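The values are calculated or read from the model by the stated rules, or taken from the named source; none is laboratory data. Owing to the predicted nature of the structure, the values given are computational and were not obtained by experimental measurement. Cβ coordinates were reconstructed from backbone atoms using ideal geometry, including for glycine residues, and neighbour counts include every protein chain displayed.
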Amino acid sequence: MTAPFKDITLTERACSTSFYESSARTRLELLLDAGSFVEFIGPEQREVSPHLKIFDLPEQFDDGIVVGHGRLDGSPVFVAAQEGRFMGGAFGEVHGAKLTGLLRAARQIASIPVLILFDTGGVRLQEANAGELAIAEIMRAVMEARSAGVKVVGLIGGRSGCYGGGGLTAGCCSALAVSEPGRIAVSGPEVIETNRGVEEFDSRDRALVWRTMGGKHRRLLGAADVFADDNVQDFREAALELLGLIGPFGLDSLKAEQERLADRLSRYGACLDAVDIWAAEGIAHAESVPELPSDQFITLAERIGRTNRDAR
Amino acid sequence: MTLDDILASLFPKGHEIRNDKGVLLGSATLRRGDKMLVLGVADRTALGVDEAIRLSGHVLESIGLASGPILVLVDSDSQRMSKRDELLGLNEFLAHLAKVLIHADINGRPTIGLLYGHSAAGALLATGLATRVLVGLPGAHPAVMDLPSMAKVTKLSMEALEEKAKSTPVFAPGLSNLVQMGAVHTTWSNDSSLADQLEALLADMPAARDQRDALGKARGGRLKAADIAERVRDLALQAR
Amino acid sequence: MEDLRFEHSVRTRAGGTRQSAIVGVVASGNLEVLVERVLPDAECAIEIRTAAVGFGEVWTAVIGDFVDRYSPGGLRFSINDGGARPDTVSLRLAQAVRSITENGQ
């Protein structure tokens with residue numbers, strides 16, 4: 001009878017392990033039920049990117065993404081976790097195709113949900129065309145899976161955030177959980193600064209980056225449904241909560257999303273900074289939101305923050 | 001070819017397509033008299049939250065009221081790179097546009113993208129790459145990433161990148177590279193009527209199943225994607 | 001990139017029953033080590049692809065120490081290196097051996 005003891009230690013480890021700091025593999029190990037993870041095309045298959053050698057760059061045996069099957073509180077789930085430290089978690093040909101294949105299977109089965117642990121800067125520059133197209137295929141596969149009744153949940157809290165096509169893919173998911181350091185955007189701070197100048201966006205102003213793209217703003221805006229603390233256990237609980245909440249997807253969801261986004265634009269379209277949006281949402285002392293501890297922030301978000309339930 | 005030339009050649013029976021600050025909205029009449037919903041981005045306009053919400057709204061308004069195929073014209077910049085757009089959740093607006101197009105396509109409103117100018121990054125994902133069939137016109141010059149930015153990140157010279165681009169379609173800008181990757185299904189000719197080519201495509205639309213990885217493999221541009229996706233799918237089906 | 005390969009005869013077979021394990025990540029100053037139980041008990045092999053060219057002697061020394069210390073018989077190590085320092089390499093190799101000698105699959 002060692003199993004309960006083992007489970008307790010795993011939970012304790014999950015509680016004390018930073019999602020932000022850990023690797024894709026550690027996240028999956030601690031997110032799923034103990035020992036339940038089975039990988040598809042693991043590193044021993046050595047399916048590396050065929051393109052990095054053109055640039056004389058090192059490969060990684062799993063091309064920066066771990067995909068497979070496991071259990072969450074006893075129920076089967078498909079999972080994909082990007083490794084944000086390898087090439088910024090960027091989408092390349094092989095990396096993307098693994099996620100596409102997983103989503104296509106989920107669509108066929110139609111009853112097993114998919115968890116995507118995003119940690120990505122977007123398209124991998126060295127294979128930009130393949131990466132862009134991989135993202136287009138993933139977005140299509142997410143929508144086909146959702147149309148078949150599959151719940152697709154995104155978990156965002158890694159060091160590379162969720163940028164570029166990753167941000168668009170996250171926008172296709174049924175629901176998102178995000179932690180404070182989990183940034184969601186299309187153009188990264190450096191990209192905006194390079195293209196539009198430091199007056200438009202000062203990428204070295206970290207406070208500006210967090211309040212414009214970070215998890216707290218995304219939660220208050222209604223871009224994410226659940227705010228998670230930066231530990232793997234909290235993401236596990238967030239995933240379970242979201243899987244219990246997600247309703248069916250259809251034309252009505254898209255009509256509701258159109259209304260939700262148009263409403264956001266009319267309410268906040270003239271705001272110059274996140275603090276202005278938070279103040280317009282009715283938050284007193286909006287400027288103090290970035291400093292709020294998680295528990296106080298969650299209370300605030302549940303009172304004020306918008307949700308996108310059934311509107312995405 | 002200018003946008004007006006393209007529209008005249010595509011729709012000799014007439015169209016009601018307005019260009020409002022680079023956002024194209026309207027509809028057109030096909031040869032047999034049926035209507036086609038038309039939307040798009042023109043004049044190399046950046047795709048931001050304001051543009052995206054109008055485009056997605058145009059498609060949603062037509063669902064239920066109209067039938068028939070949807071054409072997405074693309075001559076855009078990248079996504080709009082600004083603090084305001086990101087602050088308001090540009091990723092959601094672009095995703096929403098793509099979702100609306102994909103939803104329409106798999107529910108009886110086949111979508112065709114027509115890339116006639118530039119496009120890049122998130123703007124291409126939300127428009128042309130969210131359609132079932134993406135067609136390129138000669139002279140279109142998409143660039144997922146531009147070479148100067150790539151040179152900066154990879155710390156390689158432009159000359160070195162251009163040299164490498166000769167041996168692979170995988171990273172460099174250009175229509176022919178996207179054709180080889182399977183992103184662009186076909187390229188039309190400017191020398192014959194675009195209406196003929198559109199009618200021929202509509203008469204022979206591929207199934208609403210994403211076949212771009214198979215196309216990329218057949219054309220030698222993406223040799224691994226289709227096989228990897230298929231292997232993962234098989235393993236996942238066995239694992240349940 | 002540079003490819004290096006080392007083969008050693010070792011005294012004893014590595015313990016445990018797992019067939020493979022992976023540790024680390026390929027990033028600047030970091031590396032991944034894939035270890036597989038695929039060789040005869042008295043052999044061990046280490047294959048390296050490294051972004052830092054010209055450090056063959058350092059690798060020879062690090063690998064020599066590692067093999068002496070752990071006697072990883074029957075194991076093949078495949079390394080993708082983003083230019084890690086020798087102490088990081090030693091740490092990852094030790095982690096790889098620990099992972100594969102744990103019980104389990």
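The set of residues in the range A:251-267 that are more than 10 Å from B:Leu60 (Cβ to Cβ) and more than 7 Å from chain B (Cβ to nearest Cβ) comprises A:Asp252, A:Ser253, A:Ala256, A:Arg260, A:Asp263, A:Ser266, A:Arg267. Being farther than 30 Å from B:Ser9 by Cβ, modelled with pLDDT under 90 and surrounded by fewer than 23 Cβ atoms within 10 Å (Cβ to Cβ) is a property that holds for B:Ser149.
Scanning the range B:155-198 for residues that are within 14 Å of chain A (Cβ to nearest Cβ), without any contact (Cβ under 8 Å) to a residue 60 or more places away in the chain and assigned to a loop (DSSP other than H, G, I, E, B) yields a total of 15. Restricting attention to the range A:105-123, the residues that are at the interface with chain B (Cβ under 9 Å from one of its Cβ atoms) and buried (at least 24 other Cβ atoms within 10 Å of the Cβ) total 4.
Considering the range A:1-55, the residues that are of a type in the set (D, E, K, R), over 30 Å from B:Thr154 (Cα atoms) and surrounded by fewer than 19 Cβ atoms within 10 Å (Cβ to Cβ) include one that is modelled with the highest pLDDT, namely A:Asp33. Of the residues A:Glu200, A:Glu127, A:Glu137, only one is in contact (Cβ under 8 Å) with a residue 40 or more places away in the chain, farther than 28 Å from A:Ala110 by Cα and either touching a Ser or Thr at 6+ places or on another chain (Cβ under 8 Å) or at the interface with chain B (Cβ under 10 Å from one of its Cβ atoms) (or both); which? Residue meeting the stated conditions: A:Glu127.
In the range B:199-221, the residue that is farthest from the other protein chains (Cβ to nearest Cβ) out of those that are exposed (fewer than 14 other Cβ atoms within 10 Å of the Cβ), over 26 Å from B:Met1 (Cβ atoms) and not basic (Lys, Arg) is B:Ala218.
Taken as a whole, the condition of being part of a helix (DSSP H, G or I), crowded, with 16+ Cβ neighbours inside 10 Å, touching a Lys or Arg at 6+ places or on another chain (Cβ under 8 Å) and β-branched (Val, Ile, Thr) applies to A:Val94. Out of all the residues in the range A:55-65, is one or more in a helix (DSSP H, G or I), touching a residue at least 12 places away in the same chain (Cβ under 8 Å) and of a type outside the set (D, E, K, R)? Within the range A:55-65, one or more residues are in a helix (DSSP H, G or I), touching a residue at least 12 places away in the same chain (Cβ under 8 Å) and of a type outside the set (D, E, K, R). Against the numbered list (1) at the interface with chain A (Cβ under 9 Å from one of its Cβ atoms); (2) touching a Pro at 6+ places or on another chain (Cβ under 9 Å); (3) not β-branched (Val, Ile, Thr), B:Asp227 comes up short only at (2). Limited to the range B:224-240, what total is found for residues that are surrounded by fewer than 16 Cβ atoms within 10 Å (Cβ to Cβ) and either touching a residue at least 60 places away in the same chain (Cβ under 8 Å) or not in a helix (DSSP H, G or I) (or both)? Qualifying residue count, the range B:224-240: 1. Within the range A:135-151, the residues that satisfy the criterion of being in a helix (DSSP H, G or I) and surrounded by fewer than 24 Cβ atoms within 10 Å (Cβ to Cβ) are A:Glu144, A:Ser147.
Condition check ((1) more than 7 Å from every other protein chain (Cβ to nearest Cβ); (2) over 20 Å from B:Arg209 (Cα atoms)) across all residues:
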| position | (1), (2) |
| --- | --- |
| B:Arg80 | yes, yes |
| B:Arg84 | yes, yes |
| B:Leu87 | no, yes |
| B:Val100 | no, no |
| B:Ile106 | no, no |
| B:Arg109 | yes, no |
| B:Gly117 | yes, yes |
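Residues checked against (1) over 23 Å from the mean Cα position of the chain (by Cα); (2) within 14 Å of chain B (Cβ to nearest Cβ); (3) under 21 Å from A:Asn231 (Cα atoms):
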| residue | (1), (2), (3) |
| --- | --- |
| A:Glu21 | no, no, yes |
| A:Ser36 | no, yes, yes |
| A:Glu39 | no, yes, no |
| A:Pro50 | yes, yes, no |
| A:Phe55 | yes, yes, no |
| A:Glu59 | yes, yes, no |
| A:Asp73 | no, no, yes |
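For the range A:287-312, taking the residues that are of a type in the set (Val, Ile, Thr) and in a helix (DSSP H, G or I), the one that is surrounded by the most Cβ atoms within 10 Å (Cβ to Cβ) is identified as A:Val289.
Restricting A:Phe249, A:Phe227, A:Phe201 to residues that are under 18 Å from A:Leu155 (Cβ atoms) and aromatic (Phe, Trp, Tyr) narrows the list to A:Phe227.
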